[in-house]
1. Just give me the residues in the range 34-51 being surrounded by fewer than 20 Cβ atoms within 10 Å (Cβ to Cβ) and under 13 Å from residue 81 (Cβ atoms), in sequence order.
2. Would you check which residues across the range 172-208 are in a loop (DSSP other than H, G, I, E, B), over 23 Å from residue 26 (Cβ atoms) and touching a strand residue (DSSP E or B) at 6+ places or on another chain (Cβ under 7 Å) and list them?
3. Where in the range 11-128 are the helices (runs of 4 or more DSSP H), entirely inside, with at least 3 residues that are touching a residue at least 12 places away in the same chain (Cβ under 8 Å) and under 21 Å from residue 179 (Cα atoms)?
């Protein structure tokens, strides 16, 4: 079974990165559906280190503002949702449930801090990419970006503290770090520029 040309266009070939957004809200149910779709993408030993913070309220957006590069402020404030795609450096605590057939895997990570960092960053990046593809498949547009101060953002959202809206501990020990940001919503097609070129197969690929 393969995807149709229309599906491939939706997810890849005609999908665009948006910097301007239509004033249309993204319902919570759709964000839950988004996660329940992307979570099935593969990660090393099923470690699933990505943590997703869906920023929707004006108050939460203001908390984000000071960490953004100047060129990213306006479009991020206007986006219906901004996702902090982050990674949990203590992902190994969930491995007894996520990878139960090899109990020793938790200790393998605990004893190797460099492996923890590499695995968390690499696999959360994969999961962030799965999020973009899933979002497009579900009818959302995306605007992934770097261009922020990691230290400021981590201090604001991932230092010890409580979730203001739910009054529960929220990433309480500073072991979650931001990877990248992605605006979500319904992009304004009138603002799109000409699409940038891509490398040809001969430039990017080698057959051995």
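1. Within the range 34-51, 35 is the sole residue that qualifies.
2. Residues of the range 172-208 that are in a loop (DSSP other than H, G, I, E, B), as a first pass: 172-175, 186, 188, 192-200, 205-208.
Now narrow it down to the ones that are over 23 Å from residue 26 (Cβ atoms): 172-175, 193-200, 205-208.
Matches in the range 172-208: 175 only.
3. Working: elements: 28-38, 58-65, 70-78, 95-98, 105-110.
Here the list reads 28-38, 58-65, 70-78.
Bear in mind these aren't lab numbers, they're just calculated from the coordinates by the rules spelled out. Because the structure is a prediction, the values reported are computed rather than measured. Virtual Cβ from ideal backbone geometry, glycine too; neighbours counted across all protein chains shown.
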